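Working notes, structure below.
The values are calculated or read from the model by the stated rules, or taken from the named source; none is laboratory data. A quick note: this is a predicted structure, and the numbers were derived from the prediction, not measured. Cβ placement follows ideal geometry from the backbone for every residue including glycine, while neighbour counts extend to all protein chains displayed.
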Amino acid sequence: MKIGEIYSVLDEIAPFELQDEWDNSGVQIGSDEDEFDKIYLNIDVTSEVLDDIEENSLLITHHPLLYDKIKRIDKSRFPTNLIYKAIKKDIKIISMHLNADKSFMNKYLVKDILGYNITYCNEYECYFEPNKPFDEFALEVSQKLDIDYLQVVKTKEFIKTASLCTGSGGSLLNSIKADCFLTGDLKYHLLLEAKENNISLINIEHYKSEVIFSTALKNLLENKGINAIIANSSNPFTTIKGK
């Protein structure tokens, strides 16, 4: 298969035109006529992933490797070390960032992982109705997303409605119309703001909320008769026991 052919399939699943101006979804390394043997999926481009996958493969990621201008290829520094390694192994890269967020990421997390029916979706949020006590809901979220230490802001004992945004959705806080908001990368001052505005928060972590990208896209590709392999991925954050 050629890059141009798989790009067309991905564009049907999650149109690349949906990305915002600052984003850089699309082909990161490769050209339309380049051919590849296998497709691998992962949330990020990392050294470990590039080491593991076979030569002459296509790696489809959620987060783009390239955002800023590159002025120098340095084999020891991110991100050009990964560019060098990918080209050396003839690995092509396509990223699906905001177009994936807007097309299937939130929906998949709410329906297929948490198991709720969606009541409403906009570009960056999906709403649903837990209809259960906060503590019970939070425990359920931690179990289904495999989060050992769940950070929360509890302002309500009962959660009727919830809104979810995978990745980093703190900037959406002022527009939330729900009892509880689930997202990652929550900063301290946002926690204070949520508490004062009587909105409960659950930090579902950036990695934990978006590592589902690979499984979600694999299923969508299989529906189109295309096989893909989920590459091994690890959370850059680890936890250690304090005093």
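With modelled with pLDDT of 95 or more, under 30 Å from K241 (Cβ atoms) and in contact with a helix residue (DSSP H, G or I) (Cβ under 8 Å, 6 or more places away or on another chain) as the only criterion, which of I113, I93 stands out? Outline the logic, then answer.
Working: I93 fails: under 30 Å from K241 (Cβ atoms).
After applying the criteria, what remains is I113.
Out of F104, F134, which single residue is out of contact with any strand residue (DSSP E or B) (no Cβ under 9 Å at 6 or more places or on another chain), in the same structural domain as I199 (by TED's automatic domain parsing) and aromatic (F, W, Y)?
F104 is the lone residue from the list that is out of contact with any strand residue (DSSP E or B) (no Cβ under 9 Å at 6 or more places or on another chain), in the same structural domain as I199 (by TED's automatic domain parsing) and aromatic (F, W, Y).
Yes or no, residue by residue, for (1) touching a residue at least 12 places away in the same chain (Cβ under 8 Å); (2) out of contact with any Asp or Glu (no Cβ under 8 Å at 6 or more places or on another chain); (3) in the same structural domain as V45 (by TED's automatic domain parsing):
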site	(1), (2), (3)
Y127	yes, yes, no
A138	yes, yes, no
L150	yes, yes, no
I159	yes, no, no
S163	yes, no, no
L172	yes, no, no
E222	no, yes, yes
F237	yes, no, no
K241	no, yes, no
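If you take the residues of the range 1-54 that are closer than 18 Å to E210 by Cα and of a type in the set (V, I, T), which of them is surrounded by the most Cβ atoms within 10 Å (Cβ to Cβ)?
Among those that are closer than 18 Å to E210 by Cα and of a type in the set (V, I, T), it is V45.
Filter the range 176-196 for residues that are touching a residue at least 24 places away in the same chain (Cβ under 8 Å), surrounded by fewer than 22 Cβ atoms within 10 Å (Cβ to Cβ) and more than 18 Å from E129 (Cβ to Cβ) and give the result.
Scanning the range 176-196 gives G184, L191, A194, K195.
When you look at E5, is it outside any loop (DSSP other than H, G, I, E, B) and without any contact (Cβ under 8 Å) to a residue 40 or more places away in the chain, yes or no? Outline the logic, then answer.
Details: outside any loop (DSSP other than H, G, I, E, B): yes; without any contact (Cβ under 8 Å) to a residue 40 or more places away in the chain: yes.
Criteria met by E5.
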